[in-house]
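Visitor: Structure in structure tokens, see below.
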There are 2 protein chains.
Amino acid sequence: MTADRPTAARVAAHAGVSVASVSRVLNGLSASEEMLLRVNEAVAKLGYRPNAMARSLKVRRTQQLALAVADVGNPVYVEMMRAIEVETKARGYRLLVSSTGGDLSDTHALLDSLAQGFADGLVLSPVRVDDALVDALRRLDLPIVVVGTVPKSLAVDNVRANSSGGVRLALEHLHARGRRRIAFVNGPLDTVPGSARRRAFERTARALGLDAEPALRVEAQDFTLAAGRVAAEAMLDAVVPDAVLGGNDLLAIATMQVVAERGLRIPEDVSVVGMDDTELAGVTTPGLTSVDLGSRERGRLAARLLLDRLGDPSREVQRVTVQPQLRVRRSSGAGESDTEAES
Amino acid sequence: MTADRPTAARVAAHAGVSVASVSRVLNGLSASEEMLLRVNEAVAKLGYRPNAMARSLKVRRTQQLALAVADVGNPVYVEMMRAIEVETKARGYRLLVSSTGGDLSDTHALLDSLAQGFADGLVLSPVRVDDALVDALRRLDLPIVVVGTVPKSLAVDNVRANSSGGVRLALEHLHARGRRRIAFVNGPLDTVPGSARRRAFERTARALGLDAEPALRVEAQDFTLAAGRVAAEAMLDAVVPDAVLGGNDLLAIATMQVVAERGLRIPEDVSVVGMDDTELAGVTTPGLTSVDLGSRERGRLAARLLLDRLGDPSREVQRVTVQPQLRVRRSSGAGESDTEAES
DNA sequence: CTGAAAGCGCTTACAG
DNA sequence: CTGAAAGCGCTTACAG
């Protein structure tokens, strides 16, 4: 914590060349054999590393990208993060991860500080979106990829899941197994996924002729295990369904717990299906049938879109949608094979 | 993605003052009412935000901290991350999160790039430590806090868990419930926690007179669910214990799964205890008894130590140890109350 | 209290 | 191929 770091000037002095030449060698520009040798030797001897801030100031690139997700504790975001990190690291970017807690003010604070220019781009996966956020995104003079749903009027690269299709896959699966009294433990309706999944649920339930009793639809305060428990308890106090769809895996897993505690068997008495197909779905007992909404693939695509735009800022805005896949496990009555894909 | 950002010079011109004054107002230094008004108005009108890189270059602080953990997918690190984020955000720092995958080369790459000065400090929680890493840490001219165990010779602030004590708590608990044939599904022995927990297990097992059959000790390839399954299968192919201690919660949960699949009852036939007391321990069926090694507390303390050192670089090196607590749940035969603390 | 000037550590036209 | 010089956008002594 003492010795000040060597600068390009010191390396230059040591090698008996100009700082310009030091910079050129380090950036792989043309230089004579002699120059290469002298600079590299001085660099090695002094343990020189170029100052990232000085470089950023000059070249107007930070080599940093920001990633903002609602909840770093949710495995679905962990999987997305990993996929993004793989892509961006391979291209030499560092990743700043923010957990915005599903709170709009956190997201605004992040966007506000992004305006200070410490990152070259942003991948944002917001669960709540309001006009102020859309405005702030529009004002932000930075390449952005939104993972999720945004108003058409906002021209940003966009990767989305097809959660309506996912809900449909889940309900058709349960319907095919004879379930008609299907509950929905959803997340908050004021979130983008919460409201989309709710609409899809109602539409599909009607089409399939499922039981429409209002008590079968509950809304957890959050897409978390703890909130799921509370919502599932309330629902089961009022009604006994023959199947439950969780708004995500965490809600489904919390529901499984409550169902089991009440002495109901899964899947015999109550089938349970989740959404996101996180790693957790494979380790519950019984294994949780879940709709894979392609979080890794969405992460990978989001990173690609961002990197592409960084390379070509004028490129046309792209929107891609990842299609869902149902992973059937024992919680909805899979047979021998522990996991099989339907889709 | 077009309009270039306003600079302090532009704000100064707009307000009819010097750039020095703009800087002073923005940094809250003394200024006349008149000056405050004019600058703030210009700032607001132009939507000016100071350039973070330029500021960093000048003041030699980046307002960024790096956090490197072995596996962002492990809830124990998520909890630690959250605790660290709370502390550091409150002090105006951004957090760069790296997942080093338990791989030494990733950690070295990170340290190498940290030498470029893009962060003011580092919290590192390595699962593997070798001489080269210790050397690299010594060379790195940056405040560092290590969460985990480091050689005494390395003078860095240090927060550690007492995992030996944790293993002892777990084994004494199982012993008190009459278990003698206790298996250990541990993580890799070439990791710091793996080897420490192994030693503690052997020592305590001997002291308590537990069954010493070698087949009861297995080593998973990694501290993950997937690796835990493989290790647990191998162990149960060879021997049937009356209890299992997992090297962490993920290994314990994977083991619970395999145990259940083989038709053994938990806790009647086999009690299971994990380590870390992650959120997952509360949502398995049955709930998993686990040793809380204080991950949130360790994160909080690590952040504090780092912030303190940032404030006073010459402060003496500190080492703190967080004590473990046993959380008893149904997997080891808790009664009515779903969770009770022993310690 | 305020401004002019130097300088943080780089990169990059511009000459030679 | 190489060097001298300008400049990225700030902050901070230094004068006044």
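Visitor: Show the residue pairs that are 6+ apart or on different chains and have beta-carbon atoms under 8 Å apart, the first residue being within the stretch B:219-235 and over 12 Å from B:Asp71 (Cβ atoms) and free of Cβ contacts under 8 Å to residues at least 24 places away in the same chain, the second being of a type in the set (A, V, I, L, M, F, W, C) and buried (at least 24 other Cβ atoms within 10 Å of the Cβ).
Guide: Final answer for the pair search is B:Val230/B:Ala220; B:Ala234/B:Val218.
Visitor: Residues in the stretch A:7-20 that are within 8 Å of DNA strand C (Cβ to nearest atom) and crowded, with 19+ Cβ neighbours inside 10 Å: how many?
Guide: 2
Visitor: Being touching a residue at least 24 places away in the same chain (Cβ under 8 Å), within 16 Å of DNA strand D (Cβ to nearest atom) and either of a type in the set (Phe, Trp, Tyr) or more than 7 Å from every other protein chain (Cβ to nearest Cβ) (or both) is the filter here, so list the residues in the stretch A:49-85 that pass it.
Guide: Of everything in the stretch A:49-85, those that are touching a residue at least 24 places away in the same chain (Cβ under 8 Å), within 16 Å of DNA strand D (Cβ to nearest atom) and either of a type in the set (Phe, Trp, Tyr) or more than 7 Å from every other protein chain (Cβ to nearest Cβ) (or both) turn out to be A:Arg61, A:Gln63.
Visitor: Please verify whether B:Asp103 is away from DNA strand C (no atom under 16 Å from the Cβ) and surrounded by fewer than 19 Cβ atoms within 10 Å (Cβ to Cβ), treating the condition exactly as stated.
Guide: Details: away from DNA strand C (no atom under 16 Å from the Cβ): yes; surrounded by fewer than 19 Cβ atoms within 10 Å (Cβ to Cβ): yes.
Judged against the criteria, B:Asp103 is a match.
Visitor: May I ask you to list the residues in the stretch A:172-191 that are surrounded by fewer than 18 Cβ atoms within 10 Å (Cβ to Cβ) and over 17 Å from A:Ser332 (Cα atoms)? Walk me through it before giving the result.
Guide: So in the stretch A:172-191, the residues surrounded by fewer than 18 Cβ atoms within 10 Å (Cβ to Cβ) come out as A:172, A:176-178, A:180-181, A:189-190.
Result: A:Leu189, A:Asp190.
Visitor: Sticking with this structure for a sec: So, in the stretch A:27-49, how many residues would count as being surrounded by fewer than 18 Cβ atoms within 10 Å (Cβ to Cβ), under 41 Å from the mean Cα position of the chain (by Cα) and within 12 Å of DNA strand C (Cβ to nearest atom)?
Guide: Total satisfying the criteria: 5.
Visitor: Moving on. If I go through the stretch A:287-318 residue by residue, how many of them are assigned to a strand (DSSP E or B) and at pLDDT below 95?
Guide: In the first step, residues of the stretch A:287-318 are kept if they are assigned to a strand (DSSP E or B); the result is A:289-292.
Next, from what is left, pick out any that are at pLDDT below 95: none.
Residues meeting the conditions: 0.
Visitor: Tell me which residues, restricted to the stretch B:1-33, are outside any helix (DSSP H, G or I), more than 8 Å from DNA strand D (Cβ to nearest atom) and away from chain A (no Cβ under 14 Å). Steps first, please.
Guide: Applying the first criterion (outside any helix (DSSP H, G or I)) to the stretch B:1-33 yields B:1-7, B:16-18, B:27-32.
With the extra rule that they be more than 8 Å from DNA strand D (Cβ to nearest atom), the set shrinks to B:1-3, B:16-17, B:28, B:30-32.
Selection gives B:Gly16, B:Val17, B:Gly28, B:Ser30, B:Ala31, B:Ser32.
Visitor: Just to be sure, is A:Ala207 closer than 24 Å to A:Gly101 by Cβ and surrounded by fewer than 18 Cβ atoms within 10 Å (Cβ to Cβ)? If you could, list the steps in order and put the result at the bottom.
Guide: Working: closer than 24 Å to A:Gly101 by Cβ: no; surrounded by fewer than 18 Cβ atoms within 10 Å (Cβ to Cβ): yes.
Against the criterion (closer than 24 Å to A:Gly101 by Cβ and surrounded by fewer than 18 Cβ atoms within 10 Å (Cβ to Cβ)), A:Ala207 does not qualify.
Visitor: Additional query: Under 8 Å between Cβ atoms, which residue pairs at least 6 apart in sequence (or on different chains) link something in the stretch A:256-276 that is in a helix (DSSP H, G or I) with a partner that is basic (Lys, Arg)?
Guide: Sorted first by the residue in the stretch A:256-276, then by its partner, the pairs are A:Gln257/A:Arg229; A:Val258/A:Arg229.
Visitor: While we're here: Sort out which residues of the stretch B:253-276 are more than 11 Å from chain A (Cβ to nearest Cβ) and within 22 Å of B:Arg168 (Cβ to Cβ), and write them in order of number.
Guide: Start the filter on the stretch B:253-276 by keeping residues that are more than 11 Å from chain A (Cβ to nearest Cβ), which leaves B:262-265, B:267-276.
Across the stretch B:253-276, the qualifying residues are B:Pro267, B:Val270, B:Ser271, B:Val272, B:Val273, B:Gly274, B:Met275, B:Asp276.
The values are calculated or read from the model by the stated rules, or taken from the named source; none is laboratory data. Bear in mind the structure is a predicted one, so any value in this text is a computation, not a measurement. Using ideal geometry, Cβ is built from the backbone for each residue, glycine included, and neighbour counts are taken over all protein chains shown.
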